[in-house]
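Asks: One structure, pasted below without further comment.
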Amino acid sequence: MSKSNTKQKIASETIVPFWRTQRSNGRRKPIGQFGVDFGERGVYDRRNPLNELTGKEWTFFLNSVWIKAYPPVADRCGFDLRKIHPCPKPPLLMRDIIQFFTKREQWILDPFAGVGGTLLGASLCDPGRNAVGIDLNEQYVVAYKNVFKSERLKAQRMLCGDSRDMLLFPEIRRREFDLILTDPPYSDVMNKPKNGHKRKLYGRNDATPFSELPNDLGNLPYDDFLTELRHILAIAVSKLRKKKYLVVFSRDLQPTSERPYLLHADMINAIRQIPGIVYRGMRIWHDQAVDLYPFGYPYAFVMNQMHQYVLVFRKE
Ligand SMILES: C[S@@+](CC[C@H](N)C(=O)[O-])C[C@H]1O[C@@H](n2cnc3c(N)ncnc32)[C@H](O)[C@@H]1O
């Protein structure tokens with residue numbers, strides 16, 4: 001193992017999770033003018049305006065590739081209720097992102113909330129955060145509400161509607177947010193039957209991911225999708241505080257002979273046109289809970305997409 005690999009491994013294994021040490025803080029030894037010694041967690045800098053992480057935890061998050069399984073059935077976040085959705089995000093994954101981009105009690109907005117991965121992630125943070133989500137599909141909204149009740153998690157505000165109209169809701173109009181974290185649909189190119197792994201997990205083979213609704217971004221052709229996504233995120237960004245972050249999930253689609261479908265790059269180019277929004281970089285999440293398939297074997301290369309892009313923008 002190279003020296004840098006060793007360092008990475010040590011960092012990931014020795015960090016005592018934030019939520020475990022918070023309650024036992026007691027009196028902490030000051031270090032220099034701004035440092036507070038958090039023991040195994042490292043040193044926290046009191047000037048940090050972004051989050052409650054120590055330098056060691058902050059550095060670990062900067063690793064551009066993040067290899068981690070968040071097994072859906074093991075996360076104890078009501079997967080059986082959430083699996084009516086074709087691609088719910090693991091709440092623990094969302095929690096890990098939220099803990100980097102916010103401090104306790106701050107507010108997070110998700111304009112494509114689905115069955116509430118972001119909202120559940122906000123409730124799982126310790127100390128907790130507050131979140132508002134909106135989704136077009138009433139079934140998903142109801143599923144989220146059943147999950148937070150059955151898992152006895154803090155209730156967040158989940159709204160049902162088209163996120164183009166999000167400012168009609170006082171829960172969004174009357175507030176400013178510290179983070180926008182979202183996982184949008186990826187145009188009608190994604191409306192494909194599920195592969196064997198997903199069929200087994202979700203118990204069905206949907207060809208239509210989210211709904212038949214014409215205002216569902218998942219039913220728009222690729223270029224229209226990019227335009228509408230920029231439009232909706234621009235509305236959300238109008239409620240984001242300055243110097244705060246917009247974090248958007250993306251993946252690439254299967255290339256065709258007509259088009260490479262580098263969706264993550266096309267999304268970066270669309271979103272950076274929103275006034276005030278600057279692209280700051282990405283993390284790649286390698287989802288180790290996904291199985292590898294011999295697509296194309298033995299005739300042609302067909303990629304297994306095991307990773308997703310977590311695109312990071314800032315309001316300057
Ligand atoms: C990829 S999913 C989000 C999944 C979510 N992260 C979760 O953990 O469940 C995208 C969601 O966007 C919703 N959606 C699509 N168009 C929308 C619109 N115009 N307004 C609000 N929600 C929309 C879909 O119903 C779908 O649930």
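The values are calculated or read from the model by the stated rules, or taken from the named source; none is laboratory data. Keep in mind the model is a prediction, meaning the values are calculated, not measured. Quick reminder, even Gly has a Cβ in these numbers, built from the backbone with ideal geometry, and neighbours come from all protein chains shown.
Asks: Looking at this structure, is Trp58 more than 12 Å from the ligand (Cβ to nearest atom), assigned to a strand (DSSP E or B) and farther than 19 Å from Gly218 by Cα?
Replies: Spelling it out, it is not the case that Trp58 is more than 12 Å from the ligand (Cβ to nearest atom), assigned to a strand (DSSP E or B) and farther than 19 Å from Gly218 by Cα.
Asks: Here is a check on your reading of the model: is Gly276 small (Gly, Ala, Ser) and either under 18 Å from the mean Cα position of the chain (by Cα) or closer than 29 Å to Leu92 by Cβ (or both)? Let's see the steps before the verdict.
Replies: Numbers: small (Gly, Ala, Ser): yes; either under 18 Å from the mean Cα position of the chain (by Cα) or closer than 29 Å to Leu92 by Cβ (or both): no.
No; evaluated as a whole, the condition is false for this residue.
Asks: Continuing with this model, one more query. Would you confirm, using the coordinates I've provided, whether Arg251 is within 14 Å of the ligand (Cβ to nearest atom) and out of contact with any Pro (no Cβ under 9 Å at 6 or more places or on another chain)?
Replies: Spelling it out, Arg251 is indeed within 14 Å of the ligand (Cβ to nearest atom) and out of contact with any Pro (no Cβ under 9 Å at 6 or more places or on another chain).
Asks: Within segment 207-234, take every residue that is over 16 Å from Met267 (Cα atoms) and hydrophobic (A, V, I, L, M, F, W, C) and give me the one that is nearest to the ligand (Cβ to nearest atom).
Replies: Only one residue tops the list, namely Phe210.
Asks: Consider only pairs whose beta carbons are under 6 Å apart and that are at least six residues apart or on different chains; among these, list those whose first residue lies in segment 154-170 and is at pLDDT 95 or above and crowded, with 17+ Cβ neighbours inside 10 Å and whose second residue is part of a helix (DSSP H, G or I) and among the aromatic types (Phe, Trp, Tyr).
Replies: As it stands, the answer is Met158/Tyr144, since those pairs meet every condition given.
Asks: Out of segment 96-132, which residues are part of a helix (DSSP H, G or I) and either within 12 Å of the ligand (Cβ to nearest atom) or closer than 25 Å to Asp216 by Cβ (or both)? If you could, list the steps in order and put the result at the bottom.
Replies: From segment 96-132, those part of a helix (DSSP H, G or I) are 96-101, 117-124; that's our starting set.
Ile97, Gly117, Thr118, Leu119, Leu120, Gly121, Ala122 - these are the residues of segment 96-132 that are part of a helix (DSSP H, G or I) and either within 12 Å of the ligand (Cβ to nearest atom) or closer than 25 Å to Asp216 by Cβ (or both).
Asks: Here's another thing I want to ask about it. On the basis of being at negative phi, surrounded by 18 or more Cβ atoms within 10 Å (Cβ to Cβ) and assigned to a strand (DSSP E or B), does Tyr44 make the cut?
Replies: Taking the combined requirement at face value, the residue satisfies it.
Asks: Another one. Can you tell me which residue in segment 133-156 is nearest to the chain's Cα centre (by Cα), limited to those that are within 13 Å of the ligand (Cβ to nearest atom) and part of a loop (DSSP other than H, G, I, E, B)?
Replies: Filtering segment 133-156 for residues that are within 13 Å of the ligand (Cβ to nearest atom) and part of a loop (DSSP other than H, G, I, E, B), the one nearest to the chain's Cα centre (by Cα) comes out as Gln156.
Asks: What do you reckon, is Ile268 at pLDDT 95 or above, out of contact with any His (no Cβ under 6 Å at 6 or more places or on another chain) and part of a loop (DSSP other than H, G, I, E, B)?
Replies: On the way: at pLDDT 95 or above: yes; out of contact with any His (no Cβ under 6 Å at 6 or more places or on another chain): yes; part of a loop (DSSP other than H, G, I, E, B): no.
No; evaluated as a whole, the condition is false for this residue.
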